[in-house]
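Each remark here refers to the structure printed beneath this line.
The numbers here are math on the coordinates, done by the rules we state, and not lab data. Model, not experiment: these values are computed from the prediction. Ideal geometry is used to build each Cβ from the backbone, glycine not excepted, and the neighbour counts take in all protein chains shown.
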Amino acid sequence: GFTIPIAPADAQPERQQPSKLDECRRCELWQYATQAVPGEGPKRAQIMLVGEQPGDQEDLAGKAFVGPAGKLLDRVFEAADLERRAIYLTNAVKHFKWEPRGKRRLHKTPVQREIEACGYWLEKELATVKPTVIVALGATALKSVLGNGNAKLAESLGKAIRHEGRWVVTVYHPSYILRVPDEEAKRQAFNVMVEGLKLAKQLLE
Ligand code: URA
């Protein structure tokens, strides 16, 4: 007779180097997400925008920035006179991290371990796209781009800093602007984003 080799029930699968994003097991977030959401845009782009992670709608669609944050970004691009299709859009973390809240899936901020695990994919994108300017949207993106879990948004907001031969411009995350309750404060935060993107554009000249 023959025996079929069966792995013991508690065997841990070997951590393989995933070649495809959607097969990534570098952290645990894949288990709860519908799919990984890849970056999108020109294979070579002068500006790369880095968000935090896909939201609920991005997770379902498999496309970055198609939900409310993406709609706000479209308004920012228009105000800064930039074409969305000229910009490479991606996220620091490629799987949606969430917790149930009633019938809704509530966004949870990724932790540093998850940001670092997913940095593998951002590095690949940087090596291919070779942007001159990276625009970091919010603290998670900034931590990822700088490879520094202690990076503080307030210290870099609205500024261009040099990092590994590239410019990094930091602005608010669009979801933050959507949450600002006061209309005047919202308008100001929106303007910080517009000015940040204008600055990114100037750095190309
Ligand atoms: N927020 C992000 O940071 N990225 C998306 O793709 C959508 C919402």
Legend entry - Loop trypsin sites (Lys or Arg not before Pro), segment 107-151, which have at most 14 other Cβ atoms in a 10 Å radius of their Cβ (DSSP): LYS108
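Counting only C-alpha contacts under 8 Å and six or more residues apart, can you give the relative contact order of segment 25-202 as a whole percent?
Result for segment 25-202 is 25 percent.
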Legend entry - Gain upon complete extension [VAL180, VAL192; 0.36 nm per residue less C-alpha separation]: 3.0 nm
Legend entry - Sites ASP74 and TYR32, calculated FRET efficiency, Cβ-Cβ separation with R0 41 Å, nearest 0.05: 0.90
Legend entry - Model label zone, LYS124; criterion: amide N under 19 Å from point 7 Å along Cα-to-beta-carbon; scope segment 86-105: 88-97
Inset, instruction - For ASN148 and GLU40, calculate 0.36 nm times their separation in residues minus their Cα-Cα distance, and state this gained length in nm to one decimal. - result: 36.4 nm
Legend entry - Length gained when the stretch ARG104-ARG25 is fully extended (0.36 nm per residue, less Cα-Cα span): 25.9 nm
Inset, instruction - For segment 156-168, just list the computed ³J(HN,Hα) in residue order, Karplus coefficients 6.51, -1.76 and 1.60, θ = phi - 60°, integers in Hz, with x standing in for Gly and Pro. - result: 10, 3, x, 9, 10, 10, 8, 8, 6, x, 10, 8, 10
Legend entry - Hydrodynamic radius by Kirkwood, which averages 1/r over all alpha carbon pairs of the chain, in angstrom: 17.8
